[in-house]
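I have placed the structure first, in the form of structure tokens, so that the comments after it can refer back to it.
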Amino acid sequence: MTVLNVSSIQRFSTGDGPGIRTTVFLKGCNLRCPWCHNPESISKKTETLIYPGTHRAVTYGKTMSLEELFDDVIEDIDFYRESGGGVTVSGGEPLLQPVGVGELARRLRSVGISTLVDTAGCVPWENFLCVADHVDTFYYDVKTADGALYENVVRGDKALVFGNLGRLVEAGKDVAVRIPLIPGFNMSGADHEKIYGELKKTGARRVDLLPFHRLGSSKYEAMGLTYGYKDTPPPEEAKIEKIKKIYEDGFIVRIEK
Ligand code: SF4
């Protein structure tokens, strides 16, 4: 029986792809971005967060069979159809559970529901092969083009991330590259000239810029962790626009608000 380790399920989500969607957040991530907005999805273990002040307790992490998950997300099929929406699988890193994600996407597609997978791409290419035929769109996170930063800060592998991206584009998949704009990490023009150059080699065409925000702060508090970005303000509008201009002559660029 195929099972998935689900962190949480968000219904009527409008920020994780087109139309009205259900976003399934899977638990477990192999990267360690210090600004992560979903810290509760990094560990594979089930965790209960107690939000200070409210004493609200929320448990993240539940093993669900494929059938259970399919039956759950299919409930909103009318909304997906009306709005051009569908189901997004995010995380964590969803492609650490490639068999379950591929099977879920295959079943959803067989009843006409579109699927989107949000990945940071730092997994073996074989994991993409499990899902690629069944997924309509990939959101593909690129954090930097600096190999040392990938390795030392994010704990990823630049060559693997850009290599998989190139193969995915070459395979004709619909891919939107998603770049978080993180103060102190990748906000200079030189950072983005370098990413631009690497992206051009992959053949990607769409770039979404995601300015840093602090909406994940309360989760860190609820986990008893110190959030290194607690006092970091979001990047200034002018800086975001400057970065957007770098990508504009080579890509279709969007700033996610
Ligand atoms: S890849 Fe995503 S989920 Fe994983 S640590 Fe980075 S921001 Fe968090």
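If you check Ile9 against the conditions, is it within 27 Å of Ile182 (Cα to Cα), β-branched (Val, Ile, Thr), touching a helix residue (DSSP H, G or I) at 6+ places or on another chain (Cβ under 7 Å) and away from the ligand (no atom under 13 Å from the Cβ)? Answer is yes for this residue.
When Val135 is tested against (1) assigned to a loop (DSSP other than H, G, I, E, B); (2) within 16 Å of the ligand (Cβ to nearest atom); (3) closer than 23 Å to Met64 by Cβ, exactly one condition is not met: (2).
In this structure, does Asp141 turn out to be of a type in the set (Asp, Glu) and surrounded by fewer than 18 Cβ atoms within 10 Å (Cβ to Cβ)?
Numbers: of a type in the set (Asp, Glu): yes; surrounded by fewer than 18 Cβ atoms within 10 Å (Cβ to Cβ): no.
Spelling it out, it is not the case that Asp141 is of a type in the set (Asp, Glu) and surrounded by fewer than 18 Cβ atoms within 10 Å (Cβ to Cβ).
Looking at the stretch 28-40, can you tell me whether even one residue there is away from the ligand (no atom under 16 Å from the Cβ), surrounded by 13 or more Cβ atoms within 10 Å (Cβ to Cβ) and under 21 Å from the mean Cα position of the chain (by Cα)? No, there is no match, as no residue in the stretch 28-40 is away from the ligand (no atom under 16 Å from the Cβ), surrounded by 13 or more Cβ atoms within 10 Å (Cβ to Cβ) and under 21 Å from the mean Cα position of the chain (by Cα). The residue that is farthest from Ile9 (Cα to Cα), among those in the stretch 52-99 that are crowded, with 22+ Cβ neighbours inside 10 Å and in contact with a Cys (Cβ under 9 Å, 6 or more places away or on another chain), is Leu95. Residue count for the stretch 73-107, restricted to those that are within 15 Å of the ligand (Cβ to nearest atom) and assigned to a strand (DSSP E or B): 3. Filtering the stretch 41-59 to residues that are within 16 Å of the ligand (Cβ to nearest atom), in contact with a strand residue (DSSP E or B) (Cβ under 8 Å, 6 or more places away or on another chain) and under 27 Å from Leu108 (Cα atoms) leaves Ser41, Lys44. Here the stretch 12-27 is the region considered, the condition is being part of a loop (DSSP other than H, G, I, E, B) and surrounded by fewer than 22 Cβ atoms within 10 Å (Cβ to Cβ), and the residue that is nearest to the ligand (Cβ to nearest atom) is Asp16.
FYI, it's all coordinate maths here, none of it is from the lab. Because the structure is a prediction, the values reported are computed rather than measured. Quick reminder, even Gly has a Cβ in these numbers, built from the backbone with ideal geometry, and neighbours come from all protein chains shown.
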